[in-house]
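Written out below as structure tokens is the structure these notes cover.
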Amino acid sequence: MKFDRSIVQTTFQSPLGTMIIAATDKGLAGLWFEGQKHLPEELIGTTVWPNNEKHPVLKKAIQQLTEYFSGQRTQFDVPLDLSGGTDFQQAVWQVLLAIPQGRTSSYSEVSNRIGKPAAVRAVGAAVGRNPVSIIVPCHRVVGMNGSLTGYAGGLDRKTALLKLEGALQETMF
């Protein structure tokens with residue numbers, strides 16, 4: 001992924017662990033659990049994005065995440081900047097945004113919705129590299145039989161998020 005030069009970051013203490021939140025001048029560009037798979041190199045290596053907890057997008061994201069984790073929010077309206085992904089990834093992430101809270105979808109259904117029914121594995125890779133966890137709800141994608149498969153933040157967190165949303169038994173949207 002390529003991130004805009006204007007990117008800044010802060011952290012958020014969620015009930016599921018510390019999260020790193022990143023934003024550009026265009027919108028929210030990243031939301032990751034500390035230590036999860038597929039963290040940007042800029043957060044692992046020696047380059048660290050500037051910290052700016054006063055950035056308006058970061059403040060709005062923290063407010064909405066706090067409301068979400070307390071059960072007071074079911075939809076997010078923080079502006080997003082997903083421009084760092086490929087066209088294919090962005091198409092997948094747009095489908096994820098359409099999965100309502102309390103529901104899930106399979107990787108196969110997502111691949112069908114982007115018009116590429118044979119691209120299930122590529123869809124899985126794009127879901128796994130979703131840079132805006134929770135808000136772009138990659139945790140709502142499950143195996144064809146409803147099994148909880150893969151989540152860059154860990155299956156325990158995926159389970160917790162789906163329980164919070166009341167979606168563990170539902171398999172399609």
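The values are calculated or read from the model by the stated rules, or taken from the named source; none is laboratory data. Just so you know, these numbers come straight off a predicted model, no measurement behind them. Backbone-built Cβ (ideal geometry, glycine too); neighbour counts: all protein chains shown. Side chains included, ligands, DNA and RNA excluded: accessible areas come from the protein's heavy atoms. Shrake-Rupley method; radii C 1.70, N 1.55, O 1.52, S 1.80 Å.
General remarks:
- Filtering region 128-139 to residues that are buried (at least 24 other Cβ atoms within 10 Å of the Cβ) and not in a loop (DSSP other than H, G, I, E, B) leaves Val132, Cys138, His139.
- Hey, Leu82 open to solvent by less than 60 Å² (accessible area, probe 1.4 Å), assigned to a strand (DSSP E or B) and closer than 30 Å to Pro117 by Cβ or not: no
Each row is one residue, and each column tells you yes or no for (1) of a type in the set (Asp, Glu); (2) open to solvent by less than 50 Å² (accessible area, probe 1.4 Å); (3) modelled with pLDDT under 95; (4) closer than 25 Å to Gly166 by Cα.
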residue: Ile7; (1), (2), (3), (4): no, yes, yes, no
residue: Pro50; (1), (2), (3), (4): no, no, yes, no
residue: Thr66; (1), (2), (3), (4): no, no, no, yes
residue: Phe88; (1), (2), (3), (4): no, no, no, no
residue: Gly115; (1), (2), (3), (4): no, no, no, no
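- Within region 70-93, residues that are on the phi > 0 side of the Ramachandran plot and small (Gly, Ala, Ser) have Cβ atoms under 8 Å from residues that are exposed (fewer than 14 other Cβ atoms within 10 Å of the Cβ) and not in a loop (DSSP other than H, G, I, E, B) in no pair, counting only partners at least 6 apart in sequence or on another chain.
- Criterion (more than 16 Å from the chain's Cα centre (by Cα) and either hydrophobic (A, V, I, L, M, F, W, C) or under 29 Å from Ser147 (Cβ atoms) (or both)) met by exactly one of Ala98, Ala118: Ala118
- Scanning region 91-102 turns up at least one residue that is modelled with pLDDT under 95, more than 17 Å from Thr24 (Cα to Cα), open to solvent by less than 40 Å² (accessible area, probe 1.4 Å) and not aliphatic (A, V, I, L, M).
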